[in-house]
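Below is one structure. I have some questions about it.
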């Protein structure tokens, strides 16, 4: 044990004696590890952000989009239609399996007193708010009676009062103008945040029937129909109900190509997961090349060190040092250099991720698995690339080593 500690002390002393060379030797490992940590943090942050956004879209929500019109088996250029009757048919057929909400939207001019803004007016049913966990902060949602009566009532997203330069409580119960038509504000939603695809805070929600027949000029055309399975186990049943019902409503035979598309946020998650795996493999390749170059640099410097210290090795062998002791000494030097390089690389990588997050405002997440893997990999590099120089040093003949100039 004492001998091993002495060998370690000799190895550390040799590193300190050539401090600048040791720093330059570890530079390749430091750069490689820090680049990997920073890039993996960016990838993890991007993946987490997208998964959060997809979660806001509703993992158990199916979105039905109009496809292309089909005439005599030939796909036409104009989009097929989804209508309120389609939504009502889905609601009737899917009772006990799913909830349904139509979606019809268009940007419109919103006015209150002398203030105005341009917002998306979104016609839907109350079930939509439950699907996406949109909670009312003030007031209430519209009722079935207001939907059937095509009443001019509106629920404002969280940001709309600010855009109209009016405190939210003062807007509740007041009348705003939507495309020049009076609408009573009956509710204001809590802040949601949303995503690049889904921003309820900026919307003005009205009954679907009111939107279609009073705001959008009477065109019974929906942009989407949203279907939420009552639980995850009913997703397949909900999909079957949607396909069967819309085929019947659109008079499309079973097996024929449909004029509508059904998308699921889970598909986006799966697609994103595949992309992330590809990105992870790419990062692994880059990391492998960077660390390979760093490892070769360490091996070269250790070989140079063996050559420079040939007489020292000869003296130690003449004084009784064994091959094993010489091998252990040079192996410890390589391990210490790589481990220190790995630790500094991790520190610089975490720092770089933090700087990127603050300066570029990109979300980064430092994965501890990546940190431990990087440290373990740097130790493995020290072992792998330190063995040959260490063996070369241990095999030197003491007489030849003492004669070396």
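Do we have residue 223 as under 15 Å from residue 124 (Cβ atoms), surrounded by fewer than 22 Cβ atoms within 10 Å (Cβ to Cβ) and at pLDDT below 95 here?
Working: under 15 Å from residue 124 (Cβ atoms): yes; surrounded by fewer than 22 Cβ atoms within 10 Å (Cβ to Cβ): yes; at pLDDT below 95: yes.
Against the criterion (under 15 Å from residue 124 (Cβ atoms), surrounded by fewer than 22 Cβ atoms within 10 Å (Cβ to Cβ) and at pLDDT below 95), residue 223 qualifies.
Would you kindly identify the helices (runs of 4 or more DSSP H) lying entirely within the range 109-202 that contain at least 1 residues that are in contact with a strand residue (DSSP E or B) (Cβ under 7 Å, 6 or more places away or on another chain), in contact (Cβ under 8 Å) with a residue 12 or more places away in the chain and under 26 Å from residue 49 (Cα atoms)?
On the way: elements: 127-131, 144-148, 160-163, 168-171.
Helices (runs of 4 or more DSSP H) meeting the threshold: 127-131, 160-163.
Can you say whether residue 336 is surrounded by fewer than 19 Cβ atoms within 10 Å (Cβ to Cβ) and assigned by TED's automatic domain parsing to the domain that holds residue 17, as far as the supplied structure shows? Steps first, answer last, please.
On the way: surrounded by fewer than 19 Cβ atoms within 10 Å (Cβ to Cβ): no; assigned by TED's automatic domain parsing to the domain that holds residue 17: yes.
Here the answer is no, as residue 336 does not meet what is asked.
Moving on. Looking at (1) modelled with pLDDT of 95 or more; (2) touching a helix residue (DSSP H, G or I) at 6+ places or on another chain (Cβ under 7 Å), which is the one condition that is false for residue 184?
Only one criterion in (1) modelled with pLDDT of 95 or more; (2) touching a helix residue (DSSP H, G or I) at 6+ places or on another chain (Cβ under 7 Å) is unmet by residue 184, namely (2).
Shifting gears a bit: What number of residues within the range 97-133 are under 30 Å from residue 234 (Cα atoms) and surrounded by fewer than 16 Cβ atoms within 10 Å (Cβ to Cβ)?
Step one: of the range 97-133, the residues under 30 Å from residue 234 (Cα atoms) are 97-105, 122-133.
Within this subset, residues satisfying the condition of being surrounded by fewer than 16 Cβ atoms within 10 Å (Cβ to Cβ) are 130, 133.
So the answer is 2.
Within the range 308-347, track down each residue that is at pLDDT below 75 and under 21 Å from residue 27 (Cβ atoms).
308, 330 - these are the residues of the range 308-347 that are at pLDDT below 75 and under 21 Å from residue 27 (Cβ atoms).
The values are calculated or read from the model by the stated rules, or taken from the named source; none is laboratory data. Because the structure is a prediction, the values reported are computed rather than measured. Positions of Cβ are backbone-derived with ideal geometry, glycine not excepted, and every protein chain shown enters the neighbour counts.
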